[in-house]
1. Evaluate the following for E275: is it charged (D, E, K, R), open to solvent by 40 Å² or more (accessible area, probe 1.4 Å), modelled with pLDDT of 55 or more and more than 18 Å from the chain's Cα centre (by Cα)?
2. In segment 150-202, what residues are open to solvent by less than 10 Å² (accessible area, probe 1.4 Å), more than 24 Å from R324 (Cβ to Cβ) and aromatic (F, W, Y)?
3. Determine, yes or no, whether E381 is under 24 Å from the mean Cα position of the chain (by Cα) and acidic (D, E).
4. For segment 85-124, which residues satisfy the criterion of being in a helix (DSSP H, G or I), open to solvent by 20 Å² or more (accessible area, probe 1.4 Å) and at pLDDT 95 or above?
5. Tell me which residues, restricted to segment 224-238, are surrounded by fewer than 17 Cβ atoms within 10 Å (Cβ to Cβ) and either among the hydroxyl-bearing types (S, T, Y) or in contact (Cβ under 8 Å) with a residue 24 or more places away in the chain (or both).
6. Output the residue which, of all residues in segment 216-239 that are more than 22 Å from the chain's Cα centre (by Cα) and part of a loop (DSSP other than H, G, I, E, B), is farthest from I354 (Cα to Cα).
7. Limited to segment 133-149, what total is found for residues that are over 16 Å from Q83 (Cα atoms), part of a helix (DSSP H, G or I) and in contact with an Asp or Glu (Cβ under 8 Å, 6 or more places away or on another chain)?
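The values are calculated or read from the model by the stated rules, or taken from the named source; none is laboratory data. What you see is a predicted model; the values in this text were computed from it and never measured. Counting neighbours? That spans all protein chains shown, and the Cβs are built from the backbone with ideal geometry, glycine included. Remember, those area values only see protein heavy atoms, side chains included, never the ligands or the DNA or RNA. Shrake-Rupley method; radii C 1.70, N 1.55, O 1.52, S 1.80 Å.
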Amino acid sequence: MLYDAYEFQRSWLASASAMATFGANWLKNPSNPFGYLGGGPMMASALEVFAHASASRGKPAFGLDRTIIDGREVAITEQIVVQKPFGQLKRFAREGVTGGPKLLIVAPMSGHFATLLRGTVERMLPVADVYITDWRDAKLVPLSDGRFDLEDYLDYLIGFLEAIGPNEGEGGTHMLAVCQPSVPSLAAVAVMSADRHPCRPRTLTMMGGPVDTREAPTAVNTLATERPFAWFEQNVIATVPALYPGAGRKVYPGFLQLSGFMTMNLGNHMMSHYEMFKHLVTGDGESADATKSFYDEYRSVCDMTAEFYLQTIDVVFQEHKLPRGEMTHRGRKVDLGAITDVALLAIEGERDDISGLGQTKAALTLSTSLPEDKKRYYMAEGVGHYGIFNGSKWRTRIAPVVEEWMAANAG
């Protein structure tokens with residue numbers, strides 16, 4: 001019933017958005033005399049803000065078709081290297097560029113598409129052969145394709161690294177996990193290290209990840225621990241309705257995740273839309289478009305399988321199985337002590353309200369067999385969760401640290 005009610009509301013808002021767009025365009029038409037009246041520009045701006053806020057959104061495109069390398073413009077082509085039911089490995093091939101480090105960026109499976117990391121990919125293209133985990137919206141995966149949980153997530157990561165190839169040659173292979181995948185990425189590295197797998201990466205960078213949520217718990221962590229596991233099963237899991245290919249699949253809907261994040265900072269989001277309204281009234285289209293672009297991405301959400309979401313709640317947030325040494329993968333204990341030669345970089349934002357300070361850094365302490373010169377910690381001052389991997393501070397302050405770490409461990 002929850003998903004059906006949401007679909008009814010979404011359909012209604014889509015119609016209202018279309019009408020508001022028509023009204024805004026009509027009022028802004030130079031040949032319309034009503035647009036020049038005192039309240040015309042204000043009404044057009046209000047309709048435009050409403051139309052944007054209520055519009056339906058699908059999966060955005062990366063839209064990265066070129067980069068600059070050594071002062072030369074290089075064309076970028078998206079390639080699908082591996083395609084699986086719940087996700088694919090995408091490569092941003094650089095025309096005419098060979099050699100150099102290979103970088104697997106692990107995007108979160110937490111309600112948003114991999115395109116949320118567009119800025120992360122764009123910044124690393126000049127220095128690496130970039131791959132990314134492009135997770136699929138669970139409501140589009142037919143039931144016949146089976147289930148997907150946290151252990152399957154680890155299998156996908158290992159399989160993607162195998163597809164990239166043995167960790168050899170100039171620069172080697174590196175891994176960058178943003179937020180939620182820090183836990184499965186660290187676990188996958190531990191499993192591959194225990195097996196002395198030839199495709200294990202040379203470095204793993206974890207950014208704002210919940211490795212040990214007992215450190216500086218945030219509101220997100222508290223929400224996951226103050227309620228029993230059964231509460232999540234009964235209250236946030238919904239069934240995909242019949243109009244989608246994944247009809248009948250149990251999921252944690254993306255719209256619930258988005259609602260939670262919006263509610264956490266509701267005042268900030270309301271002020272952003274008010275500022276957008278003022279920019280439109282004054283004719284500052286460039287500033288208004290910047291806000292629109294952010295929310296176009298932020299409101300583009302996807303569903304997670306119920307088993308992956310619930311297992312993550314249990315393993316990561318309630319039982320803390322990885323830091324307690326109790327996490328398993330296919331019946332084997334995940335031993336962080338097996339990591340002996342994969343250099344670890346932990347990055348945290350001083351103002352991160354999703355993963356508190358110390359949660360990602362814990363990975364360095366837990367990797368007891370890794371030499372100290374293979375560990376590094378960087379705390380980005382004045383940076384919130386989103387700013388760790390997007391925006392000017394990511395580009396100018398944080399990315400150079402990642403580059404330096406990859407270069408220092410390339411041999």
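1. no
2. Matches in segment 150-202: F160 only.
3. Yes: the conditions hold for E381.
4. E122, R123
5. Result: T225, F229, E233.
6. Going through the qualifying residues, I end up with P228.
7. Residues that pass the stated criteria total 1.
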